[in-house]
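Have a look at the structure below, then the notes.
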Amino acid sequence: MSTVGDEPIIPQRQSHEPDPRLDLQGELYSQKEYEFTPEEDTLIYGMAGKMKGVGGFMVLLGIINLALPFVLYFALHSPKFRVSPLVAALVFLLVGKWTRSAATSFAKIRTTSGRDIKHLMVAMSDLDSVYSLQYWLMIVALVVAVAVVGFVLVIDLTVGSEAVISF
């Protein structure tokens, strides 16, 4: 084999066939992937079932919140169309979808062989999406809360005891 310096020169494949050393995402296969024990598989599979149920309930809450403004406005003839349930619906639907997707990947750990770590990492990616959304929603809520408290304090200090807003 030819080398350049200390690095071997890897010949380029001339065929259009996929490289057998690569998986579907184009990443190199490790020689031996870790397999969870049967006890670990049982624990993970049980958790996956609970996650599917929780994710399904979140999707159901999202659908209810999606329909709520329309029911209030059209069926109950509410004078205002409410947007806040639509925002809640989006959050519920996203969290539910990502939770169910993570659950599916966790369940695959028990039902497949040789891909436990890949399935685990896909599930972790979905859970990262859930917690990233929650993290940023909390940051926004904190900023809004601080702004409201600051606004109320400024109004109270400038107008005095005649302030319209009070705690």
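The values are calculated or read from the model by the stated rules, or taken from the named source; none is laboratory data. It should be emphasised that the depicted structure is a prediction, and the values quoted were computed from it without experimental measurement. Counting neighbours? That spans all protein chains shown, and the Cβs are built from the backbone with ideal geometry, glycine included.
Which one is surrounded by the most Cβ atoms within 10 Å (Cβ to Cβ) among residues in the range 19-70 that are acidic (Asp, Glu) and at pLDDT 85 or above?
Keep residues of the range 19-70 that are acidic (Asp, Glu), which gives 19, 23, 27, 33, 35, 39-41.
Still in the list and also at pLDDT 85 or above: 35, 39-41.
Details: Glu35: 14, Glu39: 8, Glu40: 13, Asp41: 16.
Selected residue: Asp41.
List the pairs whose first member sits in the range 84-111 and is touching a residue at least 12 places away in the same chain (Cβ under 8 Å), whose second member is among the aromatic types (Phe, Trp, Tyr), and whose Cβ atoms are under 7 Å apart, counting only residues at least 6 apart or on separate chains?
Pairs that qualify, where the first residue is touching a residue at least 12 places away in the same chain (Cβ under 8 Å) and the partner is among the aromatic types (Phe, Trp, Tyr), are Ala107/Tyr45; Ile109/Phe36; Arg110/Tyr45.
Each row is one residue, and each column tells you yes or no for (1) more than 19 Å from the chain's Cα centre (by Cα); (2) modelled with pLDDT of 95 or more; (3) not in a loop (DSSP other than H, G, I, E, B).
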site: Leu72; (1), (2), (3): yes, no, yes
site: His77; (1), (2), (3): yes, no, no
site: Phe92; (1), (2), (3): no, yes, yes
site: Ser129; (1), (2), (3): no, yes, yes
site: Ala147; (1), (2), (3): yes, yes, yes
site: Val154; (1), (2), (3): yes, no, yes
site: Leu157; (1), (2), (3): yes, no, yes
site: Ile165; (1), (2), (3): yes, no, no
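Results for (1) closer than 20 Å to Gly53 by Cβ; (2) acidic (Asp, Glu); (3) in contact with a Cys (Cβ under 6 Å, 6 or more places away or on another chain), shown as yes or no for each residue.
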{"site": "Pro85", "(1), (2), (3)": "no, no, no"}
{"site": "Val95", "(1), (2), (3)": "yes, no, no"}
{"site": "Ala107", "(1), (2), (3)": "yes, no, no"}
{"site": "Thr111", "(1), (2), (3)": "yes, no, no"}
{"site": "Gly114", "(1), (2), (3)": "no, no, no"}
{"site": "Asp126", "(1), (2), (3)": "yes, yes, no"}
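Return yes or no: is Val83 farther than 19 Å from Leu137 by Cβ, over 20 Å from the mean Cα position of the chain (by Cα) and at pLDDT 85 or above?
no
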